[in-house]
Amino acid sequence: MKKIIVGVIIIVLIILGFSVIQRSPKKAEVLGGEYSLVTYSETNATTTFGTLYVEFAAEASDTLNAWIDFDSDGAFSDTEKVVSDFPFKSQKNWKSGFGVKFPSELPEAPVVKIELANGDTEESALSVTESPRADLLDLDTTTDFENSMKGWGIDIAHAQESVTSAYRPGVSDIGQRIAECAPTAAANSIISLATEHGTALTDLPTPTEIIDELKGEMDWTPANGVLPDDFVEGKTRWAVTHGLPIVTEKVGDQHGLTTLQALLDAMGSEEGAAAELRIKFAQNGKTTGGHMVTVVGVHITGDEVYIDVNDPKTPEGTETYRISGNTIENYPYEGDAILSWGFVQRWQPPTGTALDAMTPEEISGIRSAVGDTEKIKVIVVEGKHIPVSLVHIGQGPECKMGDKEMPHWHAYVGSSAKALDGTVMTDPGGCGYGMAINIPVIDVEIQ
């Protein structure tokens, strides 16, 4: 009798143990276990915008759902679901971001639940930080709202033939300084193409040097950043002077009707182009400015279209957004974020010997032969001309007009910058060389 009782007890324990195992979340094989939520300072009374970042431990193509336990009751209800059936393509040890909207209040110690279609599930503490996004975009100083790159319900044409997905892995995600999104996004693509085709990182200028040089070539200004045509011409000039056979082309259209198809076709082609996208911001039907991101993926899933971007103004990682018409869903902006022009870069080496970087003398000789006078953009400080490549825009409590923190000029390296005539101009701190609204940017000829 005792043997029978012992046997029954053992069977019951086995059944209970199996039941517990079945109810326990599957050990995550793709998820990396680190989760963060970045919120943004521009909010209205009822909704907060943010980006939920998920770190992946392996490469995968899957679908993701996410919940945040807003009421801290230990359960995850449908009303707490912030990401729903969202397809993604992950990179190993890299963060992917998903745009979210949620009630303004977050608990003191929020918990997130991530669930993948492959069965991976994790519940984890969620770290929360706030991003000063508005400062980086600096939309208040924009003068050319329709074309600037600082910082409505039309069907998107699907890709022709069989191309429905294109992805460019390993693209860097450099963070921008104020109003410098266009040269920053361009630097990501330049580094990606150059290293893909055998150029060592040590043979390239540093990312900051690339950005500062592009600012000059692209006719960057603090008011409008870079205009679309200047982006193409400036990037081409920079590539030629550095001996890189990168050809840049503006594709699509101003309102994004054909832009994603053009980007998908170029990125999915045999040569695998690198790409950027201009985002146009609008509120109440009025354009308020623009922004530039590096595009690393475009995907069509059924009738839905998604883009993967490395955004200079967000934390390091790749953000994925669903496209509705020509509007980017849940992009962290209070108004509408609308598709605009796209830009593709292809590596097109010449036949024959390898292309060498042009010397300043060769460039000067070509300009002289065609009657072209070289000009650069400078700021004027005490009558001296300081190239914009040697300065940057800052914004903080050290420089105010009344209660408002004002964008102002600082030397990029150290506490001084050298003017064109060789004068060393000291950056005094505080408002630096002056508020951007008071210090003009002009074109001057290089003697």
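Of the cross-linked pairs K215/K280; K313/K418; K95/K313, those separated by over 26 Å at the C-alpha level are K313/K418.
A crude spin-label estimate for the pair K400 and A58, with each label 7 Å from Cα along the Cβ direction, gives 5.4 nm. Applying D = kT/(6 pi eta Rh) to the range 31-131, where Rh is the Kirkwood radius over alpha-carbon pairs, T corresponds to 10 °C and eta to 1.306 mPa s, the Stokes-Einstein value obtained is 116 µm²/s.
Each Lys and Arg adds +1 at its Cβ and each Asp and Glu adds -1 at its Cβ; summed about the Cα centre, the range 185-313 shows a dipole of about 460 debye. Sorted ascending by nearby beta carbons within 10 Å, beginning with the fewest, T287, T202, T423 become T202, T423, T287. Once both labels are positioned 7 Å from their Cα atoms along Cα-to-Cβ, the gap between E334 and T423 label points is 4.2 nm.
For the pair the range 286-333 and the range 178-245, the centres of their Cα atoms are 21 angstrom apart. In order along the range 173-188, the phi-based Karplus estimate (6.51 cos²θ - 1.76 cosθ + 1.60, θ = phi - 60°) of 3J(HN,Hα) comes to 9, 6, x, 8, 8, 4, 6, 10, 5, 5, x, 5, 4, 5, 4, 4 Hz; Gly and Pro are listed as x.
Enumerate by residue number the GluC sites (Glu not before Pro) in the range 67-112 meeting two conditions: DSSP loop (anything except H, G, I, E, B), and at most 10 other Cβ atoms within 10 Å of the site's Cβ.
Numbers: sites: E80, E105, E108; in loops: E105, E108.
Listed in order of number, the matching sites are E105, E108.
Neighbour counts of other Cβ atoms within 10 Å put M292, M406, M401 in the fewest-to-most order M401, M406, M292. Rounded to the nearest Hz, the phi-derived 3J(HN,Hα) couplings of the range 329-338 under the Karplus curve 6.51 cos²θ - 1.76 cosθ + 1.60 (θ = phi - 60°) are 6, 6, 5, x, 8, 5, x, 9, 10, 10, where x marks glycine and proline.
For every other residue with a beta carbon closer than 9 angstrom to the beta carbon of I246, add +1 if it is Lys or Arg and -1 if Asp or Glu, then tell me the sum. My count for the surroundings of I246 gives +2. What whole number of Å gives the distance from the Cα centroid of the range 75-119 to the Cα centroid of the range 374-443? The range 374-443 and the range 75-119 have Cα centres separated by 42 Å.
Entry for the range 134-347 at q = 0.13, 0.16, 0.17, 0.18 Å⁻¹: log10 I(q)/I(0) = -0.65, -1.00, -1.14, -1.29, Debye formula applied to identical alpha-carbon scatterers, no solvent contribution.
A crude spin-label estimate for the pair A200 and H255, with each label 7 Å from Cα along the Cβ direction, gives 5.1 nm.
Values in this text are rule-based calculations from the coordinates and carry no lab data. Given the structure is predicted, the values throughout are model-derived calculations rather than measurements. All Cβ positions, glycine included, derive from the backbone under ideal geometry; neighbour counts span all protein chains shown.
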